[in-house]
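Have a look at the structure below before the remarks.
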Amino acid sequence: MKKIDELGAGIAVIIFNEEKQVLLQKRADVGLWGIPSGHIEIGETVSEAAIREIKEETNLDIKIKKLIGVYSDPNSQVFEYPNGQVVHFITTCFLAEITGGLLKCNLEESLEIKFFDQQNLPQDLLKMHPRWLDDALANQERAFIR
């Protein structure tokens, strides 16, 4: 395993539209598609971070529906940024619904943002995101701890 520079607290938010398509963003930092996600800032809760990150990245207002899971396995949660920094994330993943706003790509964060059919996801997904999506689709009552 690569040398890990730091441990980070992150959130991810899975959002489906009325057609059951999932919202994905093509990240500006690595050029790969993924579930909208981000960092928890000092002084905020995980749910506050989720709501803030979605507003910043998509211009959408959301309501958290449920906790999908908490992910910390280094085999999937270690992320290397283009500058070489390696971070082991502990990510809290939520399912949310849209309550307002118009979908708009924040070009500082994303190259593109759009809804995809679950059977037609882009091939260049971040490595940990298919697991999060599978867990959301499992429709399990209890949260996953992975």
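Residues being assigned to a loop (DSSP other than H, G, I, E, B), of a type outside the set (D, E, K, R) and either exposed (fewer than 11 other Cβ atoms within 10 Å of the Cβ) or free of Cβ contacts under 8 Å to residues at least 60 places away in the same chain (or both): count how many of those fall in the stretch 113-134.
Count: 4.
Please count how many residues of the stretch 4-21 are within 16 Å of residue 60 (Cα to Cα) and either over 11 Å from the mean Cα position of the chain (by Cα) or not aliphatic (A, V, I, L, M) (or both).
Qualifying residue count for the region: 4.
What number of residues within the stretch 31-47 satisfy the criterion of being surrounded by fewer than 20 Cβ atoms within 10 Å (Cβ to Cβ), within 14 Å of the chain's Cα centre (by Cα) and not polar (S, T, N, Q)?
Total meeting the criteria: 4.
Inside the stretch 113-143, can you point out the residues that are farther than 17 Å from residue 30 by Cβ, of a type in the set (D, E, K, R) and modelled with pLDDT of 90 or more?
Matches in the stretch 113-143: 114, 117, 131, 134, 135, 142.
Going by what's in this entry, would residue 91 be described as surrounded by 14 or more Cβ atoms within 10 Å (Cβ to Cβ) and of a type in the set (Ser, Thr, Tyr)?
yes
Answer yes or no as to whether residue 20 is closer than 19 Å to residue 136 by Cα and out of contact with any strand residue (DSSP E or B) (no Cβ under 6 Å at 6 or more places or on another chain).
Yes.
Restricting the search to the stretch 31-66, which residues are within 15 Å of residue 9 (Cβ to Cβ) and aliphatic (A, V, I, L, M)?
Across the stretch 31-66, the qualifying residues are 40, 42, 46, 49, 50.
When you scan the stretch 59-71, do you find a residue that is touching a residue at least 40 places away in the same chain (Cβ under 8 Å), among the hydroxyl-bearing types (Ser, Thr, Tyr) and out of contact with any Cys (no Cβ under 7 Å at 6 or more places or on another chain), even just one?
Within the stretch 59-71 (the criterion being touching a residue at least 40 places away in the same chain (Cβ under 8 Å), among the hydroxyl-bearing types (Ser, Thr, Tyr) and out of contact with any Cys (no Cβ under 7 Å at 6 or more places or on another chain)), the answer is no, since none of the residues qualifies.
For residue 69, which of the numbered conditions (1) over 14 Å from residue 38 (Cα atoms); (2) exposed (fewer than 15 other Cβ atoms within 10 Å of the Cβ) fails to hold?
Failed condition: (2).
Quick one: is residue 137 surrounded by 13 or more Cβ atoms within 10 Å (Cβ to Cβ), more than 27 Å from residue 7 (Cβ to Cβ), hydrophobic (A, V, I, L, M, F, W, C) and out of contact with any Cys (no Cβ under 7 Å at 6 or more places or on another chain)?
Taking the combined requirement at face value, the residue satisfies it.
The values are calculated or read from the model by the stated rules, or taken from the named source; none is laboratory data. For clarity, every value in this text was computed on a predicted model and none was experimentally measured. When we count neighbours, we look across all protein chains shown, and the Cβ atoms used for this are built from the backbone with ideal geometry, even at glycine.
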